[in-house]
Amino acid sequence: MSEPLLIDKSKKGRKAYCFPALDLPRGFEQALPELPSHLLRIKPARLPEVAELDVVRHFTKLSTLSFGVDNGPYPLGSCTMKYNPKLGEQIAQFPAFTTMHPLQDISTSQGCLSIMYNLLEDLSSITGMSWGSLQPCAGAHGEYVGLKMIRAYFLERGEVARNKVLVPISAHGTNPASAVMNGFDVVTVASNKEGLVDIEDLKSKLDGSVAALMLTNPNTLGLFEKDILEISASVHECGGLLYYDGANLNAIMGMATPGDMGFDVLHLNLHKTFSTPHGGGGPGSGPVMVNDTLRPFLPKPDIELTDGGYVYTWDRPLSIGKVSMFWGNFLVLLRAYVYILRMGSEGIKAAAAHAVLNANYLKSKLEKHFDVPYGGVCMHEFVISCENLKKEYGITAQDMAKGLIDEGYHPPTMYFPTLVSEALMFEPTESESIETLDAFADSLISLLERAKKDPAYLKGAPYSTPVGRLDEVRAIKEPDLHY
Amino acid sequence: MVYPYIPHTDEDRKRMLEAIGVGSIEELYASLTEDLLLSDSVPISHGRTEDEVLRMITAIAQRNSTGIPFLGCGCYDHLVPSTVQTLASLPSFVTAYTPYQAEMSQGLLQASYEFQSMICEITGMDVSNASLYDGANSAAEAATIMIGSKRKSKAVLVSGTLHPFTLQVLHTWALGTGNEIRVLEEKNGVTDLKSLHSALTDEVAGLIVQTPNRYGLLEDFSTVAEQLHEKGCLFAISSDILSLAIQKSPAEWGADIAIGDTQALGLPLAFGGPSCGYMAVTKALMRKIPGRIVGATVDGQGRRGYTLTLQAREQHIKREKASSNVCSNQALAALMTTIHLSSLGWSGMVEAAQQSYVKAHYLAYHLAQLPGMTLVWDVPFWCEFPLRFSDSKKMRKFLQELRNEGIFAGVRLSSLTRETKDELVLLVAVTEKRSREELELYLAAARRVMK
Ligand SMILES: Cc1ncc(COP(=O)(O)O)c(C=O)c1O
């Protein structure tokens, strides 16, 4: 079932692509001096030499050994693996977009600029913020940029002592990592029994050294931080700012805004909430959105609409500067814009509502069989713990996940958030129907029953894939990272 | 009510609410207090049908115009085999998440492994990651590696000939961190390496250079690696990856870190993104490189398989101690490069680079004969070169008239640097894709304007 490396099918002299012959006047090439020899490459690179059909079969085979939303349900918590509309794919291949050079004269790229400008307007409305930048290429990139703006803001105010970023224990790993990249110290905030920010702990950590609190709301347990207004007021009172990790916006878009909750800056994951495909790991897009306080610090250039059309504005003295090579992942922005146009104000709200409905429905089916440590109504996702299973039967969260693969599902997120031991995090999204959710729950429950009777079976899963569980230790100890 | 992409019927909703034990979806939002729940819909437009969206976007697209691009500066119009778009559009690639579940993601993982292999082969380095956001961000990540690799260091030296946007991204990287970007000045269009020795103070962690540089010129890094390594500094070279088919590879110059963009290998212009950043390093830096890495290993039955590996560097394990925050990368763009390289092979890559070289020189040679414009420096270049105009009125007229003929004649350097000293410099890029006819069209128009 496996596929050899393409390099192993290589045969000297075989070609999959031909270039047109050079047709310059005779003699020009001959007369052209070669580059100085000390600048020339010495050793050729070993690349496949194959025919076009070899390339096609190879990558088509590799695609069959991959699994996307189009292949089946993908309840991967925190990743919002909703359906990626084909309309977006179709439009993203319009030559009127794919053949646009990022530096061509602005009078010739008004279409692209208008899409970016209008997308920023819509994202501002959806988040309740005043403006943003589309340059960040992913969520973590947006975090880095947002915290950079917070840094610049305090530098501008001469508050150089504000060196700490508070991060709840339930936060995604990118949050603390982004803070450190901006030279901040990370202070962890505890969670309370309900799985929400422990406000007493938070308040005890608020002082003049705090630059910001980073928060995901709903948080990574799928719970809405209901005291958010008190939290934001406390942080602001001590002079700090609030950063919103927008990875979970899908639960609340159209229903409530981070702006109203008191956040000063946020990033969105267009590759989650706004239905752009994840591409097997990227490209995504992580726009940052800010309120008026931080607006002057946004990356450059900004886009403005003038009488003469859309223009880039570079003259922004407080801007943190550029954060990407050009203007961002434009084709991803385009898909997100198409999604918003298609859904409209009622549609995005309905998406949120049904994402929350689906999560609660699935939870109601699973909680009779599994331990849901932070129970009650959830938002768009919820987390179960396999800790008891592990104690009683030796079955881990990973075992359950691997068993699901054989049932034709992509497993939920494993071992995150770390607050829950043996965690499995489910985010069904609004895309799945009741029948799919029923079938999924039935599969999981029967896996559980089987596991209890025959733990060895699950330990050996998956069985239906070209390889079984891989030796991760060997991968690290004897790194084999290229052919 | 029917909403796009949501399968629920009224009946479904009813059954689901019953199962949950609530009367309405609103009840599920009970933890949002009144003052947070929006009373109105957010002020964006109403939904549209597919056809309405298509018409609307088609109308917007008409406000774009395309020309024959002689534009480069980090984004180039090369020939791309038809296999690339077709295969990279296969839905199980496009709609997959990061391959956390290795057993069901062998295809994506193997494609990444092949990508890493090709990047290692082309750069000559030992270890490549599975991609970064873009070339500028790869440079920022290289700066982070440098600072982390030398104790008590706080400055990264960079050449003043880096792409202006890369330089700007590096300045942003340093902002507010206590680290510093120090610029080695240029001389005659290339890095002034004579000042390198004295610039290598104890706080300096490394040097980042670029070739072809911001002007398209090829730099000579003889003895640079030795000087840096003697002082415990790292050496990073940023390159348009296609140029490495002709010029010395980063490994051949003795670099520790190879960075850049793979846009020239299989990616459309796409208004600048998605592109695909690459980074490859020496074995010594294997545990410092940021981003996803795929490795080969075996399963319980000894079957070869691929998995994400060396994850102890990454944010989801190490949190604030991670080597970088990067999570999502540019995997699908990296896949396009992999398919592209699989189709071209080494000989195809050399051919693309070589033809670009010859065609660029053909255009440069003839333009240099015209009054009012000169090649700025007599330094070897590959597929892009800087022209200096004698006056700005002439330059504007030149750009305008060529645009009227459907030719995008080049990028004004000052549009990147925003500096007056660069106002008369035009960067012209020529790839193998430009036909003889297009070159002659350019020349004829240029002769008319500049006579
Ligand atoms: C809560 C949360 N924050 C941030 C991120 C990082 O986003 P990205 O992968 O786009 O960088 C993720 C992604 O999984 C996430 O789930």
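Report whether or not A:L424 is of a type in the set (A, V, I, L, M, F, W, C) and either closer than 23 Å to A:D70 by Cα or part of a loop (DSSP other than H, G, I, E, B) (or both).
Numbers: of a type in the set (A, V, I, L, M, F, W, C): yes; either closer than 23 Å to A:D70 by Cα or part of a loop (DSSP other than H, G, I, E, B) (or both): yes.
Against the criterion (of a type in the set (A, V, I, L, M, F, W, C) and either closer than 23 Å to A:D70 by Cα or part of a loop (DSSP other than H, G, I, E, B) (or both)), A:L424 qualifies.
Inspect segment B:323-333 for any residue being more than 16 Å from the ligand (Cβ to nearest atom) and over 18 Å from the mean Cα position of the chain (by Cα) and give the result as yes or no. If you could, list the steps in order and put the result at the bottom.
First pass over segment B:323-333, keeping only residues more than 16 Å from the ligand (Cβ to nearest atom): none.
There is no residue in segment B:323-333 that is more than 16 Å from the ligand (Cβ to nearest atom) and over 18 Å from the mean Cα position of the chain (by Cα).
Rundown of residues vs (1) facing chain B (nearest Cβ under 7 Å); (2) more than 37 Å from the chain's Cα centre (by Cα); (3) in a helix (DSSP H, G or I), yes/no style:
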| position | (1), (2), (3) |
| --- | --- |
| A:K15 | yes, yes, no |
| A:D54 | no, no, yes |
| A:F67 | yes, no, no |
| A:N71 | yes, no, no |
- Message: I need every pair where a residue in segment B:195-209 that is at pLDDT 95 or above has its Cβ under 6 Å from the Cβ of a residue that is of a type in the set (F, W, Y), sequence separation at least 6 or different chains.
- Response: B:L207/B:F235
- Exclusive hit being assigned to a helix (DSSP H, G or I), more than 7 Å from chain A (Cβ to nearest Cβ) and either out of contact with any helix residue (DSSP H, G or I) (no Cβ under 6 Å at 6 or more places or on another chain) or of a type in the set (A, V, I, L, M) (or both), set B:I145, B:I122: B:I145
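Looking only at segment A:140-160, count every residue that is modelled with pLDDT of 95 or more and not in a helix (DSSP H, G or I) and tell me the total. Quick ask: steps written out before the conclusion?
Residues of segment A:140-160 that are modelled with pLDDT of 95 or more, as a first pass: A:140-159.
Now restrict to residues that are not in a helix (DSSP H, G or I): A:157-159.
Residues meeting the conditions: 3.
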- Message: Between a residue in segment A:150-170 that is over 18 Å from A:R316 (Cβ atoms) and any residue that is modelled with pLDDT under 95 and of a type in the set (D, E, K, R), which pairs come within a Cβ distance under 9 Å, given they are 6 or more apart or on different chains?
- Response: A:V167/B:R319; A:V167/B:E320
- Hey, can you tell me all the residues within segment B:378-411 that are among the polar types (S, T, N, Q) and under 16 Å from B:F70 (Cβ atoms)? B:Q400, B:N404
- Would you point out the residue of segment B:338-348, among those that are touching a helix residue (DSSP H, G or I) at 6+ places or on another chain (Cβ under 6 Å), of a type outside the set (V, I, T) and within 7 Å of chain A (Cβ to nearest Cβ), that is farthest from B:G277 (Cα to Cα)? B:S343
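Let's see how each residue does on (1) out of contact with any His (no Cβ under 7 Å at 6 or more places or on another chain); (2) under 23 Å from A:H271 (Cα atoms):
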residue	(1), (2)
A:S37	yes, no
A:K43	yes, no
A:E49	yes, no
A:D54	yes, no
A:F59	yes, no
A:L62	yes, yes
A:F67	no, yes
A:L76	no, yes
- Residue selected from segment A:192-214 under the condition within 14 Å of chain B (Cβ to nearest Cβ) and within 16 Å of the ligand (Cβ to nearest atom), by the criterion nearest to A:A140 (Cα to Cα): A:M214
- Message: Can you pull out every residue in segment A:263-300 that is away from the ligand (no atom under 16 Å from the Cβ), at the interface with chain B (Cβ under 10 Å from one of its Cβ atoms) and free of Cβ contacts under 8 Å to residues at least 40 places away in the same chain?
- Response: A:K300
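Results for (1) more than 7 Å from chain A (Cβ to nearest Cβ); (2) within 16 Å of the ligand (Cβ to nearest atom), shown as yes or no for each residue.
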{"residue": "B:S65", "(1), (2)": "no, no"}
{"residue": "B:G72", "(1), (2)": "yes, no"}
{"residue": "B:P91", "(1), (2)": "no, no"}
{"residue": "B:Q101", "(1), (2)": "no, yes"}
{"residue": "B:M104", "(1), (2)": "no, no"}
- Give me the pairs, please: first residue somewhere in segment A:175-191 and over 13 Å from B:L175 (Cα atoms), second residue anywhere and among the hydroxyl-bearing types (S, T, Y) and within 13 Å of the ligand (Cβ to nearest atom), beta-carbon distance under 6 Å, and either six or more positions apart or on two chains. A:S178/A:Y144; A:S191/A:S170
- Message: Show me the strands (runs of 3 or more DSSP E) entirely contained within segment B:252-330 in which 3 or more residues are within 8 Å of chain A (Cβ to nearest Cβ) and acidic (D, E).
- Response: none
- When segment A:287-320 is checked residue by residue, the ones that are assigned to a strand (DSSP E or B) and over 26 Å from the mean Cα position of the chain (by Cα) are A:E304, A:L305, A:T306, A:G309, A:Y310, A:V311, A:Y312, A:T313
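Residues checked against (1) within 14 Å of chain B (Cβ to nearest Cβ); (2) more than 29 Å from B:Q315 (Cβ to Cβ):
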position: A:H410; (1), (2): yes, no
position: A:E435; (1), (2): yes, yes
position: A:A439; (1), (2): yes, yes
position: A:I445; (1), (2): no, yes
position: A:S464; (1), (2): yes, yes
position: A:G468; (1), (2): yes, no
- Task: Would you mind finding the one in B:N137, B:N129 that is at pLDDT 95 or above and either more than 20 Å from B:G295 (Cβ to Cβ) or in the same structural domain as B:Y357 (by TED's automatic domain parsing) (or both)?
- Result: B:N137
- Just name the residue that is farthest from B:I6 (Cα to Cα) out of those in segment A:248-266 that are touching a His at 6+ places or on another chain (Cβ under 8 Å) and crowded, with 24+ Cβ neighbours inside 10 Å. A:N248
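Would you confirm, using the coordinates I've provided, whether A:Y83 is under 17 Å from the mean Cα position of the chain (by Cα) and more than 16 Å from the ligand (Cβ to nearest atom)? Spell out how you get there, then give the answer.
On the way: under 17 Å from the mean Cα position of the chain (by Cα): yes; more than 16 Å from the ligand (Cβ to nearest atom): yes.
Yes.
The values are calculated or read from the model by the stated rules, or taken from the named source; none is laboratory data. Since we're looking at a predicted model, the values are computed, not measured. Using ideal geometry, Cβ is built from the backbone for each residue, glycine included, and neighbour counts are taken over all protein chains shown.
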